[in-house]
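The values are calculated or read from the model by the stated rules, or taken from the named source; none is laboratory data. Here the structure is a predicted model, which is why all the values come from computation and not from measurement. Positions of Cβ are generated from backbone atoms using ideal geometry, with glycine treated the same way; all protein chains shown enter the neighbour counts. Heavy atoms of the whole protein, side chains included, go into the accessibility calculation; ligands, DNA and RNA do not. Shrake-Rupley method; radii C 1.70, N 1.55, O 1.52, S 1.80 Å.
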Amino acid sequence: MSDFAGMEDLLQDFLVEAGDLLSDVDNKLVELEHSPDDPGLLNDIFRGFHTIKGGAGFLGAAELVTLCHLTESLFDRLRKHELEVTPERMDVILSATGAVRDMFVDLGRGSRPGPAAPDLLEALRIAVAGQPVATAQAAAAVAEPADVRPAGVVLPRPGEPDWDALYAAVTGVAAPAGPAAAAPIVRPVTVPVSASPVPAVADPVIAAAFGRRAGDVPGAGAPVGRREGERQRDNSIRVDTARLDQVLNLSGEIGLTKNRLNALRSDILAGRTDTETLQALDVAVSQLDLLVSDLQNAVMKTRMQPIGRLFHKYPRIARDLARNLGKEVELALVGEDTEIDKTMVEDLSDPIIHLIRNAVDHGIEDPAGRAAAGKPAKSVLRLEARQEGDHIVITVADDGRGMDAERLRAKALAQGVITAEEASTLDERQSYDLIFLPGFSTAEKVSDVSGRGVGMDVVRTNIQKLNGSIEIQSQLGKGTTLLIHLPLTLAILPVLLVRLGEQPFAVPLSMVREILPIEPGGIQDVGGKATMVVRGEVLPIVPLSALLGWPREAVPQYGVVMQSGASVFILAIDSFAGREDAVIKSLEVFRPKGVAGVTTLANGQIVLILDMKELLESAGERRSVSRSTLFEAV
């Protein structure tokens, strides 16, 4: 049973608001290292911890109150210029923000968080007292046992600053009155969305970025993509009330149009079929069609969230990774106002973390290497989002060493992930794509950051699950750019309807390059497999019937040139029925392999939406056919 029975709505509001506050604090802490005397930053961070403390106190989360109170006290002395911002104090502060984030995880599970690590609390006390702090670890070595009440509340040491009656109310410790600094809390409109588990971080370096030690994290040391812990996806979204007003207005207009249609229906049933009545019916149906389309777009917009909410946690991660590796990296964020479907935000989190980690570890040179290359000591890593048509493009670009196609081919050959024959046929772009192969790594040795040969394959797989794609552009000595292409929303999917006999199937339109006729004279056998030359490219022909394991009833008439990741092939079909914007319905109870979901056509027919990547993998060798098999009598 939850520790917050009867307070679930309040808890959810707190987690949303406090999570945003903490992300903002994280970003301001990165800025503070470059501008340690900025009064605006110091005051903003102070207010952030003060506001989180206030909400935690209202919930009765005493241990979170204690931690925020100590951190707030440190920032109060910093903003009054009684203390200076030093790297050692920043280490303690960043560890404290990580511990606060851990406590949010406990609150998200409905349980009151336990106390922060005693060495962290002691390090904070030392910092607040103005004593020198070597590192949090050094402070822990000389730490005295914390004063603990039976309730488990860590109390402040004598003489420690304390401005807050709320602290006294929660901890039972009297405190002098002081000015309230909490920022006003604005209650957002929250709309539930489907919840599903997503992997939690188990990586030691990322854990360190959030103030955790590797041993404290479930599954620490496990390869990326093979994580043990799971957390619950945030099941609410913030919606601008103007957008809800638009939905309400459109709903009212649709209601009026429905009444008009009912009146016309009664007239027609009564025998009125004159030209005026039929024209009125045509106008009403057209108006309803327009209103429903507008309503659909308005509802979709309620799911859209600024991607900046995702981006804002990355500067802190990049900073900690760079410091861990002895590099100086600045993460520049561009296009933070670009909107993306809320259901995609958390699924993008881990892939982007991995791309940033790869850029900092593999792409960006160490200070000596940058100096030798005539580059500035500080590297600029750019994370950008922009909308192009009906797609979102996310860019991760560094100004590092770039990728060496020849070295990648040699590494892949040495690691046995490709054969010598395959290596000789790869062009530059295909060589870059080798980093997506499972088991492939360019690292010379295994470390906490990389070298296990997992990660990039999981990145591509997760992006493909979002009906997206990833491509690499690189210039040796200049840098590398990774481009992620994603649909604006997962709720509506543009599809091409293809047929086997009379049975229609839907395939994602984003994978379709072109449609062409299949003629016997244009088919050749290469290695025993039927192929066609399309614009100078030799492409294998894959019958849809072979992917589905269906018996063929006719010779395929058309081919759909499709691209799934780095794989390009011709899907052989009997016919096609055009393009539609499919409203995707997921199959919760039973999902056949190779089926992404279902949609309903205008005539009421239910059509399966195919997961081409999964079909290709499950079909294996069965997907390939020879020329004679393709055209044999059926």
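Given the protein chains as shown and a 1.4 Å probe, how many square angstrom of residue 471 are accessible, to the nearest 10?
Only protein atoms counted, so the area is about 70 Å².
With θ set to phi - 60°, apply the Karplus curve 6.51 cos²θ - 1.76 cosθ + 1.60 along segment 576-582 and write out the HN-Hα couplings as whole Hz, x wherever there is a Gly or Pro.
9, 10, x, 10, 9, 8, 8
Summing +1 for each Lys or Arg and -1 for each Asp or Glu, what net charge is found among the other residues whose Cβ lies under 14 Å from the Cβ of residue 380?
+1
Given a 1.4 Å probe and every protein chain left where it sits, what share in percent of the accessible area of segment 224-351 is carbon and sulfur?
49
Can you compute the modelled spin-label distance between residue 43 and residue 80, with each label point 7 Å from Cα toward Cβ, in nm?
It works out to 1.6 nm between the two label points.
Using alpha carbons only, how many angstrom separate the centre of segment 540-603 from the centre of segment 317-379?
For segment 540-603 versus segment 317-379, the Cα centre distance is 38 Å.
Alpha carbon centre of segment 261-298 versus segment 76-131: separation in Å?
If you average the Cα positions of each part, the centres end up 64 Å apart.
Straight-line reach only, C-alpha to C-alpha below 24 angstrom: list the lysines that residue 53 could link to, leaving out same-chain residues fewer than 8 apart.
28, 80, 313
Full-extension gain between residue 249 and residue 368, please, as 0.36 nm times their residue separation minus the C-alpha to C-alpha distance.
36.6 nm
Relative contact order of segment 457-506: what whole-number percent is it, with Cα pairs under 8 angstrom and at least 6 residues apart?
25
Starting from the residue with the highest accessible area, list 79, 265 in decreasing order, probe 1.4 Å.
So the residues, ranked largest to smallest area, are 265, 79.
Given the peptides 115-125, 345-355, arrange them by the average over their residues of other C-beta atoms within 10 Å, most packed first.
115-125, 345-355
Whose amide H sits under 5 Å from the amide H of residue 625, counting only residues 5 or more places off or on another chain, with H placed in the peptide plane?
530
Among the lysines, which have Cα under 27 Å from the Cα of residue 529 when same-chain residues fewer than 8 positions away are ignored?
Output for residue 529: 593, 613.
Return the carbon/sulfur percentage of the accessible area of segment 28-88, one whole number, probe 1.4 Å, all protein chains in place.
That fraction is 47 percent.
Relative contact order (percent) for segment 333-430, with alpha-carbon contacts under 8 angstrom and 6 or more residues of separation?
Relative contact order comes out at 27 percent.
So, for segment 534-581, what is the accessible surface per residue at a probe of 1.4 Å, expressed in square angstrom?
44
Could you grab the relative contact order for segment 486-616? Cα pairs under 8 Å, six or more apart, rounded to a whole percent.
On the way: 250 pairs, mean separation 38.2, N = 131.
Across segment 486-616, relative contact order equals 29 percent.
With r defined as the distance between the Cβ atoms of residue 555 and residue 390 and R0 fixed at 41 Å, what FRET efficiency is calculated, to the nearest 0.05?
It comes out at approximately 0.70.
Find the accessible area per residue for segment 72-139; the probe is 1.4 Å, ligands and nucleic acids are left out, and the unit is Å².
38
Under a 1.4 Å probe, what is the accessible area of segment 362-498 per residue, stated in Å²?
Dividing the accessible area of segment 362-498 by its residue count gives 45 Å².
Mind ranking 514-524, 316-326 by how tightly packed they are, going by the mean number of other C-beta atoms within 10 angstrom, highest first?
Working: 514-524: 12.5, 316-326: 19.5.
Ranked by mean Cβ neighbours within 10 Å, highest first: 316-326, 514-524.
Through the Karplus equation 6.51 cos²θ - 1.76 cosθ + 1.60, θ set to phi - 60°, convert the phi angles of segment 35-48 into ³J(HN,Hα) values in whole Hz; use x for Gly and Pro.
Ordered by residue, 3J(HN,Hα) equals 10, x, 9, 6, x, x, 4, 4, 5, 4, 5, 4, 5, x Hz.
Once R0 is set to 41 Å, what does the formula 1/(1 + (r/R0)^6) return for the Cβ-Cβ distance between residue 20 and residue 425, expressed as a FRET efficiency to the nearest 0.05?
It comes out at approximately 0.25.
Mean shadow of segment 461-600, computed from the convex hull of its alpha carbons, in nm²?
11.1
Rounded to the nearest 10 Å², what accessible area does residue 254 have for a 1.4 Å probe in the complete protein model?
Its accessible surface works out to 40 Å², give or take rounding.
In nm, what is the difference between 0.36 nm times the number of residues separating residue 273 and residue 5 and their Cα-Cα distance?
90.3 nm
Among 375/411; 301/342; 342/585; 327/375; 342/465, which pairs are too far apart, with a Cα-Cα distance over 20 Å?
Working: 375/411 27 Å; 301/342 10 Å; 342/585 17 Å; 327/375 13 Å; 342/465 15 Å.
Result: 375/411 exceed 20 Å.
At residue 240 and residue 333, where each label point lies 7 Å from the Cα along Cα→Cβ, what is the point-to-point distance in nanometres?
1.8
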